[in-house]
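Please treat every number below as a calculation from the coordinates, not as lab data. All figures in this text were calculated on a predicted structure; none of them were measured in a lab. For neighbour counting, all protein chains shown are included, and Cβ atoms are generated from backbone atoms with ideal geometry for every residue, glycine included.
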Amino acid sequence: MEKGFIFYKGSKIPFVFKNFCMELFTDEKILLNFLEEYRNKTNFMLKGQCFVTGIEKNDVIFWVKYSIDTSLYLRCYIVINYGSVTDFDIIGFESLFLDDIFKYEYKYLSLIREGVNLAIEPKNIYKIPFNMKDESYELIFRIGYDNRLGLLEDYNRKGEFLIELQNKSIQECYDIMIVLYRLSMFMMSQKDVPFKQINLYKHGNNRDSYIGRLYCPQISEKAVSRRCTSFYKFDVEKYIPQILNNIALDPENKITKSIPLGHLGDSESMFSPNRFLEQVISFEYLFEKLEPQKAKKKKFILKNKLKYMFDQFPEILEKNKLNSEEVSREIKETRRKIVHGYEYYYTFKGDPDMQHLMDLLDILIKKMSLKCVGFTEDQINQYPYFIF
């Protein structure tokens, strides 16, 4: 989508579009009226039409994050290819990362060996219920293809994660997207886990029921995941329901109940000073959730909190024959020097000792997160170490 127009009080205001920023333009007075109503406004919905190919028009719903004069910055938008903007009732996510987590390749080959023809009828592999904003949902992981266009039907598609909507709104779609994106982040221990595609359906998920797509910054056609073998022995039914339900408690920008993920990094930020500080913030947040009484004590400083939690999970340091007192002191001192301006670091990439400390913090935060979700000590110890 590059151009189109929005509907406003019986008129049409044209726009051009790029990178989730919409620029309005017209010489007509209607634009001035629009600006008077929406200038510097946040979180509002607009409807319009766009031109996807040539002169073909498609209905669009926009969720605007904020506006600055004639520039509108979007959270996401929905393009309806068929039907109307009120028709969709099922959202489907295509994600190579979720495919790996839910063991798509292993499940697919298993079904083929059993003689199941997935080109005739898709198969539901998992059904996982969860609650979000006082509504009940069910995440369905489905494998299979629609074969009515022959061998090339859905040529690039793998698994799909389907959820029936309750409110059928763009905000509900966005909230569910955030929950599944954060689930991928937690399981992959990284923040760069984009979806391949997000589909909208009416009464099903076959070719006849497809009506449009949701677009957001969390989608990338260049997404690549090669972690399938890492999850070979991962028990989806044992771990995913509790983790998913916890993440779904807070699908907003601010969280107060769910586990934190802001400390996760990507290939560029993995060993940055900013990420180290995010790790400390996530640790403090989890410590307050797990030990609220100790967190209230002013004399229970960061070093004491770190030592206490490392001692709760001694296996983290035992493998490296490290002392919890020394590790905790080093983390505390590094944080103090950075925050109070005694030292400034551009990066930790050339500091193997600091990188090791950050790796230890990652493991500690993951174990604390699993405990916060509600897993027992045995379940945490059985959690596959290779996906920390």
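Some notes on this structure:
- For the range 253-321, the gyration tensor built on C-alpha atoms gives an oblate shape. Its axis ratio a/c (a ≥ b ≥ c) is at least 1.5, and a/b is not larger than b/c.
- Relative to the longest principal axis of the Cα atoms of the chain, the long axis of helix 104-113 lies at roughly 70 degrees.
- Degrees between helix 302-312 axis and first principal axis of the chain (Cα, 0 to 90, nearest 10): 90 degrees
- Centroid-to-centroid, using Cα positions, the range 218-287 and the range 22-85 are 32 Å apart.
- Within the range 1-86, the trypsin sites (Lys or Arg not before Pro) that combine a DSSP coil assignment with at most 14 other C-beta atoms in a 10 angstrom radius are Lys9, Arg39, Lys41.
- Electrostatic dipole magnitude of the range 175-312 [Cβ: Lys, Arg +1; Asp, Glu -1; Cα centre; debye, to 20]: 440 debye
- Placing unit charges on the Cβ atoms only, positive for Lys and Arg and negative for Asp and Glu, gives the range 90-246 a dipole magnitude near 360 debye about its Cα centre.
- Positive-end residue, the range 259-387 charge dipole about Cα centroid, Cβ charges, pick of Gly262, Asn304, Gln355: Asn304
- Sequence-distant residues sharing a close amide H with Tyr66 (under 5 Å, placed H): Asn43, Tyr73
- Counting other Cβ atoms within 10 Å as a rough exposure proxy, the listed residues Ser258, Ser225 run Ser225, Ser258 from fewest neighbours to most.
- Calculated FRET value between Lys254 and Ser11, using beta carbons and R₀ = 51 Å, to 0.05: 0.85
- Anisotropy class of the range 3-77 from Cα gyration tensor, a/c 1.5 cut: oblate
- Each listed q (0.11, 0.13, 0.20, 0.26 Å⁻¹) maps to a log10 I(q)/I(0) for the range 304-383, found by the Debye formula over equal Cα scatterers with no solvent: -0.33, -0.46, -0.95, -1.30.
- Net lengthening on full extension, Thr70/Lys294 (0.36 nm per residue, minus Cα-Cα): 75.6 nm
- In the chain, the longest principal axis of the Cα atoms and the axis of helix 352-373 are about 70 degrees apart.
- Taking amide H positions as modeled 1.01 Å from N, with prolines and chain starts lacking one, no residue 5 or more places away or on another chain lies under 5 Å from Arg227.
- Magnitude of the charge dipole, the chain, Cβ model with Lys/Arg +1 and Asp/Glu -1, debye to 20: 820 debye
- Filtered chymotrypsin sites (Phe, Trp or Tyr not before Pro), the range 266-351: DSSP coil and at most 14 other beta carbons within 10 Å: Tyr342, Tyr344, Tyr346
- Stokes-Einstein diffusion of the chain at 25 °C, 0.890 mPa s viscosity, Kirkwood radius from Cα pairs, rounded to a whole number: 105 µm²/s.
- Whether the range 217-258 is rounded, prolate or oblate, judged on the alpha carbon gyration tensor where a/c under 1.5 counts as rounded: oblate
- Within the chain, longest stretch free of exposed GluC sites (Glu not before Pro) [DSSP loop, at most 15 other beta carbons within 10 Å]: 269-342
- Among Val327, Val339, a tally of other beta-carbon atoms within 10 Å of each Cβ gives an order, fewest to most, of Val339, Val327.
- Taking label points 7 Å from Cα along the Cα-to-Cβ direction, Lys41 and His356 give a separation of 5.7 nm.
- Residue-wise HN-Hα coupling along the range 261-276, computed from phi with Karplus coefficients 6.51, -1.76, 1.60 (Hz; x: Gly, Pro): 9, x, 7, 6, x, 10, 4, 8, 9, 3, 10, 9, x, 4, 5, 4
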